[in-house]
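Notes for the one structure printed next.
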Amino acid sequence: MNKVLKKLLPEEVARFIKKIVLTFRKYYYMGDAYYCPVCGSHFRKLLTGGFDLEVIKEKEIIGAGRRKNTVCPYCQSTDRDRLIFLYLKNKVDIFNKKLKILHIAPEPSLYKFLKKRKNLVYLTGTKYSEGIYFHQNIDAVDLLQIPYKDEEFDMVICNHVLEHIIEDYKAMSEIYRVLIKGGLAILQVPISYKINSTYEDITITSEAMREKHFGQFDHVRIYGKDYVTRLEKAGFRVEMYNAFNDADIDVKLSNFALNQKENLFIGHKDK
């Protein structure tokens, strides 16, 4: 083992150790209480994830907050990742359709699954790197000026990214631009249905104050009930999808550990 580690670069060592830890966790947490549809593993419990901050509780921000039984011990999928996976599987037929997909800030669990699909042309990018969270050699993509031509992708997955970007309307418009007519974008954000209008203040710049006001040190807003209107302004027709209202999925019996209050925001670029 020591000889193997000495031949690896520091980041490769970290990834190697991470792989061992995840494999150990898969078997340590094995059981029948929960099922992760992304990696197909069964567990007696899932891991706790998220931050315990006052503003998250006060505004009841969906997609944020400290939550028990939310992170898969093996593939690291969160409740929102599993929700996206179920939508792709049951509503998009991701196993069979030939699609070109751009995935911004790809979650490890979804990336591992999507990159293996031979029917997909799958491209990824991120606005910044986060150590070993993303896969190696991921490209930097500026969402304010996406480096692809008009109408290039059948789908864009942009999960919990827009709340990091000050000029979010411009980013939405760019995502709309690179979609084909008839394409769709999955545009998840943390959202509060307790506020009618999105709360943002560009004068709040310190990490501490952003955490206090927006629920995370690198967030620049809390989206409110007007989120759909903001997406529509960029050109999208918005569909709200909730797995608990989907007759094709028995989420209660399957124990996918989803948040029943969370809707997927699907932006369609109509023909």
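Only the coordinates and a few stated rules stand behind these numbers; no lab work does. Computed from a prediction, not measured in an experiment: that's the story for all the values here. Here the Cβ is made from the backbone with ideal geometry for all residues, glycine too, and neighbour counts use every protein chain on show.
For the chain, what proportion of DSSP beta bridges, expressed in % and rounded to the nearest 5, is antiparallel?
Details: 17 of 33 bridges.
About 50 percent, rounded to the nearest 5.
Is the stretch 13-119 best put as rounded, prolate or oblate by its Cα gyration tensor, with a ≥ b ≥ c the root eigenvalues, rounded for a/c under 1.5, and otherwise prolate when a/b is larger than b/c, oblate when not?
Details: a/c = 1.66, a/b = 1.19, b/c = 1.39.
Taking the square roots of the gyration eigenvalues as a ≥ b ≥ c, the stretch 13-119 is oblate.
Take the residue pairs 59/225; 26/112; 57/252; 116/181 and return only those whose Cα atoms are more than 18 Å apart.
Details: 59/225 12 Å; 26/112 16 Å; 57/252 25 Å; 116/181 26 Å.
Correct reply: 57/252; 116/181.
Put +1 on the Cβ of each Lys and Arg and -1 on the Cβ of each Asp and Glu in the stretch 38-189; which of 171, 110, 43 then has its Cα farthest toward the positive end of the dipole?
43
Can you tell me how the stretch 15-58 classifies by the Cα gyration tensor, rounded, prolate or oblate, using a/c under 1.5 as the rounded cut? Could the numbers behind the result be given before it?
Working: a/c = 2.79, a/b = 1.56, b/c = 1.78.
Here the stretch 15-58 falls in the oblate category.
Calculate the translational D of the chain in whole µm² s⁻¹ from Stokes-Einstein, where the hydrodynamic radius comes from the Kirkwood formula applied to all Cα pairs, the temperature is 10 °C and the viscosity 1.306 mPa s. The partial results should precede the final answer.
Values: Rh = 19.6 Å.
Translational D for this selection: 81 µm²/s.
Among the aspartates and glutamates, which fall within straight-line cross-link reach of residue 212, defined as a Cα-Cα distance under 12 Å, with same-chain neighbours fewer than 8 residues apart omitted?
Partners found: 52, 54, 58.
Under a point spin-label approximation (7 Å from Cα along Cα-to-Cβ), what is the residue 48-residue 66 distance to one decimal in nm?
0.5 nm
Using label points projected 7 Å from each Cα along Cα→Cβ, tell me how many nm separate residue 180 and residue 149, to one decimal.
Using points 7 Å along Cα→Cβ, the separation is 1.4 nm.
In whole Å, largest first, what are the principal axis extents of the Cα atoms in the stretch 34-85?
35, 21, 13
Need one word for the stretch 165-271: rounded, prolate or oblate. Basis is the Cα gyration tensor (sqrt eigenvalues a ≥ b ≥ c); a/c below 1.5 gives rounded, then a/b vs b/c decides. Could the numbers behind the result be given before it?
Working: a/c = 2.34, a/b = 1.22, b/c = 1.93.
The shape class here is oblate.
Taking 0.36 nm per residue of separation and subtracting the Cα-Cα distance, what length does fully extending residue 199 through residue 16 add? Working shown, then result.
Numbers: separation 183, 0.36 × 183 = 65.88 nm, distance 4.12 nm.
The span from residue 199 to residue 16 would gain 61.8 nm if fully extended.
Take every DSSP beta bridge whose two residues both sit in the stretch 90-230, then give the antiparallel share in percent to the nearest 5. Show your work: numbers first, answer last.
Details: 2 of 18 bridges.
That works out to approximately 10 percent antiparallel.
Placing unit charges on C-beta atoms (Lys and Arg positive, Asp and Glu negative, everything else neutral), compute the dipole magnitude of the chain about its Cα centre in debye, rounded to 20. Could the numbers behind the result be given before it?
Working: 44 positive and 35 negative charges, 248 e Å.
My answer is approximately 1200 debye.
How high is the FRET efficiency from residue 217 to residue 247, r the C-beta distance, R0 35 Å, rounded to 0.05?
In this case the efficiency is close to 0.30.
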